[in-house]
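Enquirer: Okay, here's the structure, questions in a sec.
The values are calculated or read from the model by the stated rules, or taken from the named source; none is laboratory data. No experiment lies behind these values; they were computed from the predicted model shown. Heads up, the Cβs are rebuilt from the backbone with ideal geometry, glycines too, and the neighbour counts pull from every protein chain shown.
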Amino acid sequence: MRYFVVFLIAMTLLGCKEDTLPKPKGFLSLDYPSPQYRSFDENCPYLFDRNVYSKVQDKGNCAMDLDYPAMRATIHLSYKPVQNNLNALLRDAQKLAIDHTIRAEGIVDQPFVNVDSSVYGMFYSIAGNAASQSNFYVTDSVQHFLTGSLYFHAKPNYDSIYPAAVYLQKDIRRIMESLEWKE
């Protein structure tokens, strides 16, 4: 009987611990550097501020990619001169964003107007597992038309890429806000 009482007391003392839960091996680190912008001016009819953490790849004809290797993402920029084809350029740029509705949970379009620099356009924020998380276009409606799209080099998983998408959407907005046409 004495052993039973000792056993009962021991079990009571040892049994009052919290349940042991498995611990994850690590957490996803989503610390991105604070953006630093510098004016980017190449031999193209436009200039803008770009994040110094992006790497520029010239694609010819004033088209370029802004690569973000740490995020495995690219902002593709494409320039076209306006030559009595503004409606076709607008239609193509809007279609590019609309084509993502198949996989997107939602698309929010936000008009952009900078009268002082003659820059007018649209920014599309795309939510969901779409191929692109953001698209935009800007134009002066007379000579210049620039489009851009954000793509990640991974299978779209909106929950996983959301923080990076938000960071890069801020860079896209900075491109739009700082863009100036050269005459």
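Enquirer: If we keep just the residues of the range 1-47 that are of a type in the set (Phe, Trp, Tyr) and over 30 Å from Lys182 (Cα atoms), which is modelled with the highest pLDDT?
Expert: Looking only at the range 1-47, we keep the residues that are of a type in the set (Phe, Trp, Tyr), and these are 3-4, 7, 27, 32, 37, 40, 46.
Adding the requirement that they be over 30 Å from Lys182 (Cα atoms) leaves 3-4, 7, 27, 32.
Working: Tyr3: 76, Phe4: 73, Phe7: 70, Phe27: 51, Tyr32: 84.
Step by step, filter the range 1-47, then rank; the result is Tyr32.
Enquirer: On the given criteria, is Gln83 assigned to a loop (DSSP other than H, G, I, E, B), without any contact (Cβ under 8 Å) to a residue 12 or more places away in the chain, over 17 Å from Tyr167 (Cβ atoms) and out of contact with any Phe, Trp or Tyr (no Cβ under 9 Å at 6 or more places or on another chain)? Even if it seems obvious, please write down each step before you answer.
Expert: Numbers: assigned to a loop (DSSP other than H, G, I, E, B): yes; without any contact (Cβ under 8 Å) to a residue 12 or more places away in the chain: yes; over 17 Å from Tyr167 (Cβ atoms): yes; out of contact with any Phe, Trp or Tyr (no Cβ under 9 Å at 6 or more places or on another chain): yes.
So Gln83 passes the test.
Enquirer: Still on this structure, I have one more. Given the conditions (1) under 12 Å from the mean Cα position of the chain (by Cα); (2) closer than 23 Å to Glu42 by Cβ; (3) not charged (D, E, K, R), report the number of the one that Tyr79 does not fulfil.
Expert: (1)
Enquirer: Answer with yes or no whether Leu66 is in a strand (DSSP E or B), in contact with a Lys or Arg (Cβ under 8 Å, 6 or more places away or on another chain), within 22 Å of Phe152 (Cα to Cα) and not small (Gly, Ala, Ser).
Expert: It is true that Leu66 is in a strand (DSSP E or B), in contact with a Lys or Arg (Cβ under 8 Å, 6 or more places away or on another chain), within 22 Å of Phe152 (Cα to Cα) and not small (Gly, Ala, Ser).
Enquirer: From the set of residues in the range 50-96 that are of a type in the set (Val, Ile, Thr) and under 21 Å from Arg173 (Cβ atoms), which is surrounded by the most Cβ atoms within 10 Å (Cβ to Cβ)? Explain how you work it out, then say what you get.
Expert: First, pick out the residues of the range 50-96 that are of a type in the set (Val, Ile, Thr): 52, 56, 74-75, 82.
Among the residues that remain, those that are also under 21 Å from Arg173 (Cβ atoms) are: 52, 56, 74-75.
Details: Val52: 12, Val56: 13, Thr74: 20, Ile75: 24.
Looking at the filtered set, the residue picked out is Ile75.
Enquirer: Tell me which residues, restricted to the range 139-169, are of a type outside the set (Ser, Thr, Tyr) and in contact with a helix residue (DSSP H, G or I) (Cβ under 6 Å, 6 or more places away or on another chain).
Expert: Taking the range 139-169 and keeping what is of a type outside the set (Ser, Thr, Tyr), we get 140, 142-146, 148, 150, 152-157, 159, 161, 163-166, 168-169.
Within the range 139-169, Phe145, Leu150, Phe152 meet the criteria.
Enquirer: Starting from residues that are farther than 21 Å from Gln83 by Cβ and of a type in the set (Phe, Trp, Tyr), keep the ones in the range 98-156 and report whichever is farthest from the chain's Cα centre (by Cα).
Expert: Checking each candidate, the answer is Phe112.
Enquirer: Looking at Ser149, Ser118, Ser134, can you tell me which residue is out of contact with any Leu (no Cβ under 9 Å at 6 or more places or on another chain) and either in contact (Cβ under 8 Å) with a residue 12 or more places away in the chain or within 18 Å of Ala70 (Cβ to Cβ) (or both)? Break it down stepwise before answering.
Expert: On the way: Ser149 fails: out of contact with any Leu (no Cβ under 9 Å at 6 or more places or on another chain); Ser134 fails: out of contact with any Leu (no Cβ under 9 Å at 6 or more places or on another chain).
Only one candidate passes the filter, namely Ser118.
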